[in-house]
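The values are calculated or read from the model by the stated rules, or taken from the named source; none is laboratory data. All of these numbers come straight from a predicted model, not from anything done at the bench. Here Cβ is always computed from backbone atoms with ideal geometry, including for glycine, and neighbour counts include all displayed protein chains.
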Amino acid sequence: MRVPVSFPWFRKPIVLATLASAALVAALTLALHGLLEWEVQTSLLRNAEIKAQNWSERFFRTVPDAEQMFTDAAAGRTDVMQLAGSFAMVDILRFELFDHKGQRTFLSDQSELEPEAPANPKALEVYRTGTPKFFVYHQENSEQEGIPDTFVETYVPAVSPNGERVGTMEIYVDVSSLEKALEDAFQQISWFLIAGTTVILAVPAAAYVRRTRQLRSRDQRLLELTRYDQLTGILNRNSISDILETTFASPGPPASLGILFVDVDYFKQVNDQYGHACGDRLLKHVADILKSSTRGSSDIVGRFGGDEFVVLCRDIDKQEFRKLCGRVTEGAKTPCEYEGKSYTPSLSVGAYLARAGDTQKCAMHRADLAVYAAKHRGRGQVMEYSKDLEGLFQAERRSQDRIDPAKSGD
């Protein structure tokens, strides 16, 4: 006689609720795990895109005749050796250059190219569409092979400073550190995802997504902090110094480089009388004046510190340089509005057009000397550098030494 088998415990509401909850938690865990993995991949790609674009811009600023490297008549390897130090700084592993046909013209870690190599379809598509492509690779035996755990292969259009698309750059970016940071953050909340209820499960998931975005945002902010002044939005002192260094480090003298050293007159009095918020508004106003006075993307505007600004003008002749100075002077007549009050800024401008044989130190000294002379002769004016300013500076220095002998040895 067969005895019927029954499972009365299976029908208990608490068991059904537990099984249903477990199934729901499992389903939600899988869904959230997929979402978090997607956030990680998105963060890695965005990080690689920022670093690749920044390095591409640095490439065109640093390498003389960079555009020639995207043709069959590629430049010598010595032209790019000065970029070696920038690889580790932005986690660049290697790079390749392709011309408009998708043919490789340069490979950073090989001295010779493979003869008659086929065109790279990815590079060709990026050149034609102007849309970057990104591919994430995870290495299982990275410790033995000496390569990073995770890197992103990026294809970005090679755009010259004048806006012309000349080819494609394939740049390999190491994202292992960022991936590890994201995975560590995930480990901190994984137990909550597994053991929590559906309501509790949503909390750590949302926290992780927020943490992921914070890490990505922080990484982007760190990159921006190294380049831009946070108050005015223009380039900061480090970026200007970097541009000057690469410009004057290039073979031969800088080609008609115009330098404007701009100082905001009576800035301390503005801060004292109207407050620092008004002073900040005035600095933003001056930055807008300088940007609107330039010729466009070919000119560079930066805040050099405090109330000092620098404008760099590549490939500019004397006549056009003086016109730019005139636009700055006219722009300074525009009043700065703050809390219903109007204040017209006064700018002392020192102008210097670099000459053959100038060094970075010499050029900046002469621009600084010119702005010193502008302030000395009444402020609110543009002063071009001339040799007689050297005598003015020396006479002023001797006068100061007589007043304060203790500083004469400085």
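Given the condition at pLDDT 90 or above, within 27 Å of D280 (Cβ to Cβ) and not β-branched (V, I, T), answer yes or no: does some residue in the stretch 214-223 qualify?
No; the residues of the stretch 214-223 include none that is at pLDDT 90 or above, within 27 Å of D280 (Cβ to Cβ) and not β-branched (V, I, T).
Answer yes or no as to whether E245 is modelled with pLDDT of 65 or more and either of a type in the set (D, E, K, R) or on the phi > 0 side of the Ramachandran plot (or both).
Judged against the criteria, E245 is a match.
Inside the stretch 92-139, can you point out the residues that are at pLDDT 80 or above, buried (at least 16 other Cβ atoms within 10 Å of the Cβ) and polar (S, T, N, Q)?
Scanning the stretch 92-139 gives Q103, T105, N120.
Only one residue in L282, L260, L235 is at pLDDT 90 or above and touching a Cys at 6+ places or on another chain (Cβ under 6 Å). Which one?
L282
Residue-by-condition table, conditions (1) over 21 Å from I243 (Cα atoms); (2) buried (at least 19 other Cβ atoms within 10 Å of the Cβ); (3) of a type in the set (D, E):
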position: H276; (1), (2), (3): yes, no, no
position: I289; (1), (2), (3): yes, yes, no
position: S293; (1), (2), (3): no, yes, no
position: G302; (1), (2), (3): no, yes, no
position: Q319; (1), (2), (3): yes, no, no
position: S346; (1), (2), (3): yes, no, no
position: K361; (1), (2), (3): no, no, no
position: R366; (1), (2), (3): no, yes, no
position: K375; (1), (2), (3): yes, no, no
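Among (1) touching a residue at least 12 places away in the same chain (Cβ under 8 Å); (2) charged (D, E, K, R); (3) under 23 Å from T247 (Cβ atoms), there is one condition K284 misses while meeting the rest; what is its number?
The failed condition is (3).
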